[in-house]
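K.L.:
Here it is, the structure, as structure tokens.
Taken together, the values in this text are just the output of simple stated rules run on the coordinates, not laboratory data. Quick caveat: nothing in here was measured; it's all calculated off a predicted structure. Cβ sites come from the backbone with ideal geometry, for glycine too, and all protein chains shown count toward neighbours.
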Amino acid sequence: MKNIEFYVGDITKLKVDAIVNAANSSLLGGGGVDGAIHRAAGPGLLNECRGLNGCRTGEAKITKGYNLPAKYVIHTVGPIYSGTESDETDLYNCYYNSLSLAKENDVHSIAFPGISTGVYGYPKEAAAKTALNAITTWLSENPEYDLKITIVNFSEHDYEVYQSVIGN
Ligand code: AR6
């Protein structure tokens, strides 16, 4: 798929303009990818996050990357999976709003983790479908903007889930 590539491994290692954090609404850190990003970025990140006043589910906020190789972190809050219709809308909005915020900040390369697919319990196949739907919709609406998108799969299994959704 044009503009979209895959990487299997740790998102904190990527030297891209922005990595996306699967945060919680406090934006004050946690476990999973959020914990890994805060550890790798150092205390400057938490300090900046304290001034952001949290973030609603489906929305996104941007900070600097501090000690990360990435210049920025875009923090978004995925839905806690509930099995209701709002899950899909909220997850879609996480990807879509992160991409719009990236463009506003002149970000030309961005990497996403599997938002909500860890602690928040979103089934991986359904999450991959919604992520790809949001990303391809956003790209089709912004054809003039040069943006390279990396989907980060933390395990080979997660990568295989994505490939089966794409049909490879
Ligand atoms: N690089 C890439 N992906 C990762 C990494 C990493 N270093 N670490 C974990 N993953 P989760 P959520 C994958 O639980 O479900 C936090 O406590 C992981 O395998 O990090 O959105 C927050 O503070 C999974 O596929 O995020 C919130 O409270 C994906 O990242 C809550 O967890 C997301 O798993 C958010 O839960």
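K.L.:
Determine the shape class of the stretch 9-98: with a ≥ b ≥ c the square roots of the Cα gyration tensor eigenvalues, call it rounded for a/c under 1.5, and otherwise prolate if a/b is greater than b/c, oblate otherwise.
P.N.:
prolate
K.L.:
Okay, moving on. I need the phi-derived Karplus couplings for the stretch 105-116: 6.51 cos²θ - 1.76 cosθ + 1.60, θ = phi - 60°, integer Hz, Gly and Pro marked x.
P.N.:
Per-residue couplings from phi come out as 9, 6, 7, 10, 9, 9, 10, 10, x, x, 3, 6 Hz.
K.L.:
Using amide H atoms built 1.01 Å from N in the peptide plane, name the residues 5+ places from I62, or on other chains, whose amide H lies under 5 Å from its own.
P.N.:
Hits under the 5 Å cutoff: H75.
K.L.:
Another question, then. Placing +1 at every Lys and Arg Cβ and -1 at every Asp and Glu Cβ, with all other atoms neutral, what dipole size does the chain have around its Cα centre, in debye to the nearest 20?
P.N.:
On the way: 13 positive and 19 negative charges, 108 e Å.
Charge dipole of the chain: 520 debye, to the nearest 20.
K.L.:
For N153, which sequence-distant residues (separation of 5 or more, or a different chain) have an amide H within less than 5 Å of its own amide H, given hydrogens modelled in the peptide plane?
P.N.:
Placed amide hydrogens put Y7, V8, G9 under 5 Å from N153.
K.L.:
Could you give each residue of the stretch 150-164 its phi-based ³J(HN,Hα) in whole Hz, using Karplus coefficients 6.51, -1.76, 1.60 with θ = phi - 60°, and x for Gly or Pro?
P.N.:
10, 9, 9, 9, 6, 9, 4, 4, 4, 4, 5, 4, 4, 5, 5
K.L.:
Would you check the chain for Lys pairs whose C-alpha atoms are within less than 17 Å, ignoring same-chain pairs closer than 8 in sequence, and give me the count?
P.N.:
Total qualifying Lys-Lys pairs in the chain comes to 14.
K.L.:
Give me D for the chain in µm² s⁻¹, whole number, from Stokes-Einstein with Rh from the Kirkwood sum over alpha-carbon pairs, 37 °C and 0.692 mPa s.
P.N.:
Values: Rh = 15.6 Å.
My calculation gives 210 µm²/s for D.
K.L.:
Would you kindly derive the ³J(HN,Hα) couplings of the stretch 55-70 from the backbone phi angles with the Karplus curve 6.51 cos²θ - 1.76 cosθ + 1.60 (θ = phi - 60°), listing them in order in whole Hz, with x for Gly and Pro?
P.N.:
7, 7, 4, x, 9, 9, 9, 10, 9, 6, x, 6, 7, 6, x, 6
K.L.:
A further question on this structure: Relative contact order of the stretch 6-90, please, whole-number percent, based on alpha carbon pairs below 8 angstrom and at least 6 residues apart. If you can, show how the numbers build up before the last one.
P.N.:
Working: 145 pairs, mean separation 29.4, N = 85.
About 35 percent, as a whole number.
K.L.:
List the residues whose amide H sits under 5 Å from the amide H of A70, counting only those 5 or more places along or on another chain, with H placed 1.01 Å from N in the peptide plane.
P.N.:
V16
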